[in-house]
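Remarks on the structure that follows.
Just so you know, all these numbers are worked out from the coordinates, no wet-lab data involved. Quick caveat, the model's predicted, so the values are computed rather than measured. Because the Cβ atoms are built from the backbone with ideal geometry, glycine has one as well, and the counts that use them run over all protein chains shown.
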Amino acid sequence: MNAISIQGAIKKYPKFTLGPIDLSVERGELFGILGPPSAGKTSILKLILGLVKPDRGKVLIGGANSDEMEVAERQISMVFQNLALFPHMSGRENIAFPLTERGVSSKEIAARLDAVSDVLHVGHILHKNPAQMSGGERQRIALGRALIADSRAILLDEPIAALDARLREEMRVELKRLQRTNNQTFVYVSHDEEEVMAIADRVAVVIDGRVAQVGAPDDVYNKPNSLSVAQVIGSPPMNLFQGRFSADGRHFECGDIVVAVAGIRDVPAGEQGTLGIRPEDIHRAGDHATRRFRISVNSIEPLGGYTIVNATLGGQLIKIRVSGQLDGPDDHGGSVVFDERRLHLFDSEGDRLGME
Ligand SMILES: Nc1ncnc2c1ncn2[C@@H]1O[C@H](COP(=O)(O)OP(=O)(O)O)[C@@H](O)[C@H]1O
Ligand SMILES: [Mg+2]
């Protein structure tokens with residue numbers, strides 16, 4: 001049975017419509033929700049928690065229709081983006097709050113507090129009040145409060161956005177470990193692609209109030225089902241070329257850039273479309289490479305483990321990602337080839353064209 005299922009839910013605000021949303025979260029799953037700011041991510045969590053009622057459609061919690069369920073009955077914890085700690089309570093009291101509310105024994109509270117504070121590295125701030133903590137420390141205390149309760153599911157709204165980069169990386173690994181160890185159901189929202197892709201079992205890409213695609217992180221990355229998903233997933237973003245499919249349906253052409261589209265079903269011959277190629281799928285042309293394209297290099301960003309080459313191709317700026325470091329500025333000049341197994345083609349509506 002699904003832990004959470006949203007079926008055809010619509011919520012209209014004066015200037016924004018969420019949905020229709022359809023998605024299901026499995027028990028024990030770390031389900032990611034990824035999307036740009038104001039896409040509707042927080043609103044989806046509020047639907048699940050019961051803070052927002054859908055105008056149409058329904059939300060099932062543990063298989064049961066939640067229409068009549070109060071927020072507390074749902075047994076779902078949420079860590080809010082703008083977290084709210086009790087200002088007059090210490091870190092320890094804040095974390096333990098859901099358990100003290102329920103009258104859990106102090107022995108059990110102490111044991112669970114120990115486990116949670118280990119994961120979150122908050123042992124040294126448990127005695128402080130929120131006003132004495134940094135933003136990151138407050139965030140971790142708020143996380144602790146959600147983790148300590150024995151919830152059916154935990155909703156995390158950009159839970160580590162306020163932390164510095166190093167701590168973010170550490171925390172996401174720890175959160176994943178905790179979720180696995182306790183076999184908990186997490187719905188994890190972030191606008192940070194890397195964060196969601198790194199830890200989610202499945203991810204829903206939300207754009208303009210709708211779920212644009214749901215899939216394993218690799219699937220969504222390798223086969224974005226629309227141009228909008230292709231643009232949201234990937235950093236640096238996918239290079240896009242607007243052009244036309246040849247009249248015989250065998251090529252895609254954008255000025256001097258011509259690629260074969262063999263192996264693609266239902267090519268809209270003669271029509272406009274878009275070719276996408278990820279920065280890491282463009283390579284320096286070997287001596288005998290056919291279908292090579294001349295680029296001129298504008299700038300090079302050496303990033304240690306990889307290098308971003310900013311270049312011009314067919315009058316258009318592109319980004320190429322090369323693993324490792326380049327020997328010199330000219331190293332990637334000259335000609336490049338596209339990895340033809342890794343082309344993305346979209347029709348004039350922005351829908352992905354399928355490979356055989
Ligand atoms: N209570 C509300 N009243 C009116 N508009 C709202 C309300 N809550 C959210 N919205 C609008 O819904 C859109 C999505 O918001 P939100 O779900 O917070 O996006 P995200 O979390 O992806 O940034 C925004 O345009 C926001 O202004
Ligand atoms: Mg939000």
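Remarks
- The ranking of Thr185, Thr307, Thr290 by Cβ neighbour count inside 10 Å, starting from the fewest, reads Thr290, Thr307, Thr185.
- Taking 22 Å as the straight-line reach from the Cα of Lys107, the lysines in range (excluding those fewer than 8 positions away in the same chain) are Lys128.
- FRET efficiency, Leu303 to Ala198 (Cβ-Cβ, R0 30 Å, nearest 0.05): 0.95
- Packing here is the average count of other Cβ atoms within 10 Å per residue, and on that basis the peptides 38-48, 85-95, highest first, run 38-48, 85-95.
- Extension gain from Arg244 to Arg166, taking 0.36 nm per residue of separation minus the Cα-Cα distance: 23.6 nm
- Between Thr312 and His88, the modelled label-to-label distance comes to 6.7 nm, taking each label 7 Å out from Cα in the direction of the beta carbon.
- Counting every other Cβ atom within 10 Å of each residue's Cβ, Ser296, Ser235 order from fewest to most as Ser296, Ser235.
- Potential lengthening between Ala216 and Gln325 on full extension [0.36 nm per residue; Cα-Cα distance subtracted]: 36.2 nm
- Of the residues Glu349, Glu280, the one with the fewest other Cβ atoms within 10 Å heads the list, and the complete ranking is Glu349, Glu280.
- Straight-line cross-link partners of Lys319 among the aspartates and glutamates, defined as a Cα under 16 Å from its Cα and at least 8 positions apart when in the same chain: Glu280, Asp281, Glu301, Asp330, Asp331, Asp339.
- Helix 135-148 and the long axis of the chain differ in direction by around 70°, with both axes built from C-alpha atoms.
- Spatial separation of Cα centroids for segment 119-175 and segment 293-313, in angstrom: 38
- Radius of gyration (Cα atoms) of the chain, expressed as a multiple of 2.2 N^0.38 Å: 1.18.
- Computed on the chain, with alpha-carbon pairs under 8 angstrom and 6+ residues apart, the relative contact order is 15 percent.
- Helix 106-120 axis, angle to the chain major axis (alpha carbon atoms, nearest 10°): 20
- Residue-averaged 222 nm ellipticity for the chain, from DSSP H runs of 4+ at -39500 (n - 2.57), nearest 500: -7000 deg cm²/dmol
- Taking the C-alpha atoms only, the angle from helix 165-181 to the longest principal axis of the chain is near 70 degrees.
- Protection-proxy order for peptides 261-267, 171-177, each taking the mean of Cβ atoms within 10 Å per residue, highest first: 171-177, 261-267
- Overall form of segment 236-347 per C-alpha gyration tensor (a/c, 1.5; a/b vs b/c): prolate
- Charging the Cβ of each Asp and Glu at -1 and of each Lys and Arg at +1, and nothing else, the dipole of the chain about its Cα centre rounds to 780 debye.
- Among 214-225, 10-21, the order from most to least packed when residues are scored by Cβ within 10 Å on average: 214-225, 10-21
- Multiplying the residue separation of Glu253 and Arg341 by 0.36 nm and subtracting their alpha-carbon distance yields 30.0 nm.
- Lysines with Cα under 25 Å of Lys58, excluding same-chain neighbours fewer than 8 positions away: Lys11, Lys12, Lys15, Lys41, Lys46
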